[in-house]
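Below: the structure, in structure tokens.
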């Protein structure tokens, strides 16, 4: 509140396992104003969020080995109306495989990535696409799903369908607008991670393709975990 001066936010993982390859995501609050946010590494500053930038509330992700954030208030004649704030997430996932990272953001997952995704993702479901809605202001698309099998989820993203809709679960996942998500026939396996309270899509192979890959790996004893594919 009433930002003046500057402060350094040191970021450290809470487990040793996350200490080598870190991904930091920050998301300015929608009404945040009055400060610039920089990445601070070994005394050098890289501007991440400029005060007054259009499109507030969008998350930015990048790799982080060591360092933190430098938050510097911008000169204001009336600081009483300013409030600078942001959310952050620190994880051990590499930014390059997250579909919301800048490196090949819409590239389909490889067979190996799909097999790992079903073991490590925050949510894994089998279902169909009911509808896709686009949000150009956020540069995102929301994929509305009808789920026939729920393997894993966090935060109750998928909820039981209302009575009379044939059972199963309903929910939505998001992806980048540039990925061109659209409705299509057939069943898919959807896997991804929670990102600032939203389910973000990671891998989405057709279920028949996933079943083939899974059974091939199972026959060779290479599955990183087990799950039902019937």
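The values are calculated or read from the model by the stated rules, or taken from the named source; none is laboratory data. Owing to the predicted nature of the structure, the values given are computational and were not obtained by experimental measurement. Here the Cβ positions follow ideal geometry from the backbone for every residue, glycine too, while neighbour counts run over all protein chains shown.
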Problem set entry | So residue 90, is it modelled with pLDDT of 75 or more and either over 23 Å from residue 44 (Cα atoms) or in contact with a helix residue (DSSP H, G or I) (Cβ under 9 Å, 6 or more places away or on another chain) (or both) | yes
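Can you give me the number of residues within segment 189-212 that are crowded, with 18+ Cβ neighbours inside 10 Å and either over 20 Å from residue 118 (Cβ atoms) or over 19 Å from the mean Cα position of the chain (by Cα) (or both)? Quick ask: steps written out before the conclusion?
The initial filter retains those residues of segment 189-212 that are crowded, with 18+ Cβ neighbours inside 10 Å, namely 189-193, 195, 199-205, 207, 210.
Retained after the next criterion (residues that are either over 20 Å from residue 118 (Cβ atoms) or over 19 Å from the mean Cα position of the chain (by Cα) (or both)): 207, 210.
Count: 2.
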Exercise. Which numbered condition trips up residue 103, out of (1) surrounded by fewer than 19 Cβ atoms within 10 Å (Cβ to Cβ); (2) under 20 Å from the mean Cα position of the chain (by Cα); (3) at pLDDT 80 or above?
Worked result: (3)
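Out of everything in segment 204-222 that is outside any loop (DSSP other than H, G, I, E, B), in contact (Cβ under 8 Å) with a residue 24 or more places away in the chain and touching a helix residue (DSSP H, G or I) at 6+ places or on another chain (Cβ under 9 Å), what residue ends up being nearest to residue 184 (Cα to Cα)? Explain how you work it out, then say what you get.
Within segment 204-222, the first condition is being outside any loop (DSSP other than H, G, I, E, B), and the residues that meet it are 206-219.
Going one step further and asking which of them are in contact (Cβ under 8 Å) with a residue 24 or more places away in the chain, we end up with 207, 210, 213-214, 217.
In the following step, the residues that additionally are touching a helix residue (DSSP H, G or I) at 6+ places or on another chain (Cβ under 9 Å) were identified as 210, 213-214, 217.
Working: 210: 17, 213: 21, 214: 23, 217: 27 Å.
Going through the qualifying residues, I end up with 210.
Any residue that is outside any loop (DSSP other than H, G, I, E, B) and modelled with pLDDT of 85 or more - is there at least one of those in segment 77-85?
Just the residues of segment 77-85 that are outside any loop (DSSP other than H, G, I, E, B), to begin with: 79-81.
Remaining after also requiring modelled with pLDDT of 85 or more: none.
Checking segment 77-85: not a single residue is outside any loop (DSSP other than H, G, I, E, B) and modelled with pLDDT of 85 or more.
Every residue, every condition in (1) surrounded by fewer than 19 Cβ atoms within 10 Å (Cβ to Cβ); (2) more than 24 Å from residue 193 (Cβ to Cβ); (3) at pLDDT 75 or above; (4) in contact with a strand residue (DSSP E or B) (Cβ under 7 Å, 6 or more places away or on another chain), yes or no:
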{"residue": "11", "(1), (2), (3), (4)": "yes, no, yes, yes"}
{"residue": "26", "(1), (2), (3), (4)": "no, no, yes, yes"}
{"residue": "44", "(1), (2), (3), (4)": "yes, yes, yes, no"}
{"residue": "96", "(1), (2), (3), (4)": "yes, no, no, no"}
{"residue": "99", "(1), (2), (3), (4)": "no, no, no, yes"}
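Which of the residues belonging to segment 133-158 are closer than 22 Å to residue 227 by Cβ and either at pLDDT below 90 or out of contact with any strand residue (DSSP E or B) (no Cβ under 6 Å at 6 or more places or on another chain) (or both)? Talk me through it step by step, then tell me what you get.
In the first step, residues of segment 133-158 are kept if they are closer than 22 Å to residue 227 by Cβ; the result is 143, 145-158.
Hits for segment 133-158 are 154, 155, 156, 157.
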